[in-house]
Amino acid sequence: MHQPTAGRARHGFFGCAGGVSSGVYDSLNCGFGSDDDPALVAQNRDRAASALGLRADRLAAVWQVHSADAVIATGGAPSNRAQLTRADGLVTTERGLGLAILTADCLPLLMVDRDGAVIGACHAGWRGAADGIVTSTLALMRDKGAGEITALIGPTIRQPSYQVGADMREACLASVAPGLRDAAASCFIDDEDGRFRFDLPALVRHQLAGAGVTDIADCGEDTYRAPDHIAGSSDADSFRFFSHRRATHAAEADCGRQISIIALAE
């Protein structure tokens with residue numbers, strides 16, 4: 001899925017189709033952190049970048065570590081992945097520079113300000129979201145002069161697919177800002193055997209709203225499930241997105257990562 005954003009930024013939430021990888025990485029695996037052939041991953045990233053009119057060497061990235069740290073991006077990611085900054089949010093004012101986020105159930109959040117002068121992107125798993133990656137990225141955008149901000153929530157695991165234990169709920173509620181605790185608690189609904197179903201996009205929306213962001217679009221896609229019209233299919237091709245949880249449940253050794261990209265209009 002890729003499209004312009006009201007003339008201010010180009011963005012794309014890409015799925016698992018349209019690439020050159022095979023097996024559990026079929027086919028647009030963009031994650032160098034996977035065990036896929038790096039040459040194939042590079043081709044896939046080039047395809048995603050090209051779809052937005054970018055060069056692959058103009059994709060900025062971080063080594064995602066489920067943190068609340070956001071950084072300013074001024075150029076493309078180094079060819080040596082070990083040199084990537086450990087962080088989970090990116091902000092730039094550079095035109096022609098794409099901010100890239102990798103996910104396989106976590107939530108990719110892309111943001112642009114009203115004037116099309118500042119963009120941000122972050123990787124929000126439950127831990128990073130609870131610790132404040134959304135607000136950290138927003139704060140850095142505002143430090144760079146962002147005014148009113150539009151936020152775009154991409155494909156992520158959704159509440160019907162996301163069963164968690166009481167320990168995870170307790171850790172999440174202990175990590176969020178005190179003023180957000182009641183809202184965060186509402187993101188968990190009781191499930192069987194003392195477990196819960198967690199709504200990660202709702203937690204992110206609460207954080208956005210609390211930071212004054214009201215223009216929020218959510219694609220509504222669940223990375224774990226096949227679309228409703230083919231639900232129940234055992235055909236791997238029926239899945240539109242990579243899912244770490246689904247791969248774990250299927251006892252697969254690894255899974256691919258989809259890429260989400262945003263770049264300021266030139």
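Each residue in S67, S79 was given a count of other beta-carbon atoms within 10 angstrom of its own, and listing them fewest first yields S79, S67. Here the calculated FRET efficiency for K144 and D190, from their Cβ-Cβ distance with R0 = 35 Å, stands at 0.25, rounded to the nearest 0.05. For the chain, the square roots of the Cα gyration tensor eigenvalues, ordered a ≥ b ≥ c, give a/c of at least 1.5 with a/b no greater than b/c, which places it in the oblate category.
Pair-distance distribution of the stretch 23-140: all C-alpha pairs, bin width 5 Å, starting at 0; shares per bin in whole percent are 2, 12, 21, 24, 21, 13, 5, 1, 0.
Is the shape of the stretch 79-133 rounded, prolate or oblate, going by the alpha carbon gyration tensor and its root eigenvalues a ≥ b ≥ c, with a/c under 1.5 for rounded and a/b larger than b/c for prolate? Oblate, since a/c reaches 1.5 and b/c is not below a/b.
Remark: the Cα gyration tensor places the stretch 129-266 in the oblate category, a/c being 1.5 or greater and a/b not exceeding b/c.
GNM remark for the chain: springs join alpha carbons under 10 Å apart, and the peak mean-square fluctuation among A166, A87, A70 falls on A166. Note on the chain: GNM, Cα springs under 10 Å; of G23, G147, G33, the largest mean-square fluctuation is that of G23. Here the chain is assigned +1 on the Cβ of each Lys and Arg and -1 on the Cβ of each Asp and Glu. Its dipole about the Cα centre then comes out at about 680 debye.
Coupling constants for the stretch 180-196 follow from the phi torsions by the Karplus curve (6.51 cos²θ - 1.76 cosθ + 1.60, θ = phi - 60°), and in residue order they are 9, 4, 5, 5, 5, 4, 6, 7, 10, 10, 4, 10, 5, 6, x, 9, 9 Hz; glycine and proline get x.
Quick note: the coordinates plus some simple rules give every number you see, no bench work behind them. Quick caveat: nothing in here was measured; it's all calculated off a predicted structure. Virtual Cβ from ideal backbone geometry, glycine too; neighbours counted across all protein chains shown.
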